[in-house]
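Chemist: Structure below; questions to follow.
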Amino acid sequence: MASQTIIQKLRILADAAKYDASCASSGTAKKNSLGGKGIGSTEGMGICHAYAPDGRCISLLKVLLTNHCIFDCHYCINRKSSNVERARFTPQEVVDLTLNFYRRNYIEGLFLSSGIIRNSNHTMEQLVEVARILREEHDFRGYIHLKTIPEADPEIIHQAGLYADRVSINVELPTDSGLTRLAPDKNARQIEGALAKTTSDIVEAKDAKKRFRHAPRFAPAGQSTQMIVGADAATDSDIVGKASTLYNSFSLRRVYYSAFSPIPDASAVLPLKRPPLIREHRLYQSDWLMRFYGYKPGEIVQAAEKDGNLPLDIDPKLAWALKFRDAFPVDVNRASREQLLRVPGLGTTSVKRILAARRHRTLRLDDVAKLTLSITKVRPFIVTCDWRPTFLTDRADLRSMLAPKQEQLELFAA
Ligand code: SF4
């Protein structure tokens, strides 16, 4: 390992970091311009995008400090029994990479995670050291997201929050039984304890800031977590329930869902096939419905099929509307914001536009069409002064009329 160059380490440790979700998308066709054909690549590792607290999309150097690990989580490519190429950065090497990338304008910040080396405290200290050097020795003002290790001493995790903009602690699996089975070295209570402590540190820091202008900042961009989807038997209903509990208990900024991907030399307790990527997408949509559209977790569960999973062919909002057709049609000229947000095809921006426009005139179907992306999906669920869907809302084949056309799957898609 001593002979590895920085570039070799970066290749290994940026690739190993791709399993940590820090942005809400995954799965795209693999393309590159190696061989001189075309320009650009979807395969390169190392730089990912995330949303800053002010809503900007920023580029982050996403890397592990090391992919050595003393734990043996079955779903993880870096587990100690895995036969992968290993590498390890020193904190100073990560600092140098971050500063060099930053100066070249490649990135606006750093997303740093790590396998566990020696013990949890030692690893957490190394992660904190990267952030400390950047902030204290280089006055680095870019974005820093640190993954924290719940088994580490709370005081060291606290240090992470003093330097990072965002900290995250992965709950890993939606159920305690799944965690015990697939991550035997981890403990659900310990993870929840670390989440709770960080929540209270964030609240205290905000409170202190109100009273003392120079009070230290603590994870001003909040904390987030990640759940792996499809590695255990948990259904979408279980996952939605768990996400809702996490949002309510720990005021999380985000729950990320990461579709489990089969790894080389996979443990026999894991499924052989990855879940369809669209499942991850449906979970993000349901997360969005809970956070911005006023849906309760129980309502998302109502949209699920008998097996507890959300339908894959249609989005959860449309699934709910088709099951509860008596809530429609809604009159776009009179309905409340909450009712309009339930209409399939109306997003928060369209609803805002409708509410603003109807102050000045009575809306016709054409007006709504101009304010939305697609009137086809909206039409069966609304009434305007010149449109009433009559029997359309109750048609037995409405689902097939509105479901997007199935696309031919790519043979070699990721
Ligand atoms: S602690 Fe578990 S999930 Fe994290 S790197 Fe080690 S084996 Fe992977």
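Chemist: As a test, work out the antiparallel percent of DSSP beta bridges whose residues both lie in region 6-262, rounded to the nearest 5.
Modeler: 20
Chemist: Oh, and also: With 10 angstrom as the radius, rank 251, 120, 81 by how many other C-beta atoms surround their C-beta, starting from the fewest.
Modeler: Taking fewest neighbouring Cβ atoms as first place, the list is 81, 251, 120.
Chemist: Oh, and also: Can you give me the C-alpha center-to-center distance between region 207-279 and region 286-335, rounded to a whole angstrom?
Modeler: Comparing the Cα centres of region 207-279 and region 286-335, I get a distance of 22 Å.
Chemist: State to the nearest 20 debye the size of the charge dipole of the chain about its Cα centre, where the only charges are +1 on K and R beta carbons and -1 on D and E beta carbons.
Modeler: With only Lys, Arg, Asp and Glu charged at Cβ, the dipole is about 1440 debye.
Chemist: Quick check on the chain: helices-only [θ] at 222 nm, where DSSP H runs of length 4 and up contribute -39,500 (n - 2.57) each and the sum goes over total residues. Nearest 500, please.
Modeler: -11000 deg cm²/dmol
Chemist: Still on this structure, I have one more. For region 322-402, report the convex hull volume of the alpha-carbon atoms normalised per residue, in Å³, without decimals.
Modeler: Taking only Cα atoms, region 322-402 has a hull volume of 82 Å³ per residue.
Chemist: A follow-up question, please. If N is the number of residues in region 269-414, what value comes out of its Cα radius of gyration divided by 2.2 N^0.38 Å?
Modeler: Here the Cα radius of gyration is 1.15 times the empirical estimate.
Chemist: Taking the chain on its own, what percent of its Cα-Cα pair distances exceed 30 Å?
Modeler: 49
Chemist: Then there is this: May I ask you to derive the relative contact order of the chain, considering only C-alpha pairs under 8 Å and at least 6 residues apart, and to give it as an integer percent?
Modeler: 12
Chemist: Can you return the lysines within cross-link range of residue 370? Criterion is Cα-Cα under 20 Å, with same-chain partners fewer than 8 residues away left out.
Modeler: Partners within reach: 352.
Chemist: Still on this model: Which Cα, out of 396, 298, 381, lies furthest along the positive dipole direction of region 289-398 (beta carbon charges, K/R +1, D/E -1)?
Modeler: The Cα lying farthest towards the positive end belongs to 381.
Only the coordinates and a few stated rules stand behind these numbers; no lab work does. The shown structure was predicted, so the numbers you read here are calculated from the model rather than taken from an experiment. Every residue, glycine among them, receives a Cβ derived from its backbone with ideal geometry; neighbour counts consider all protein chains shown.
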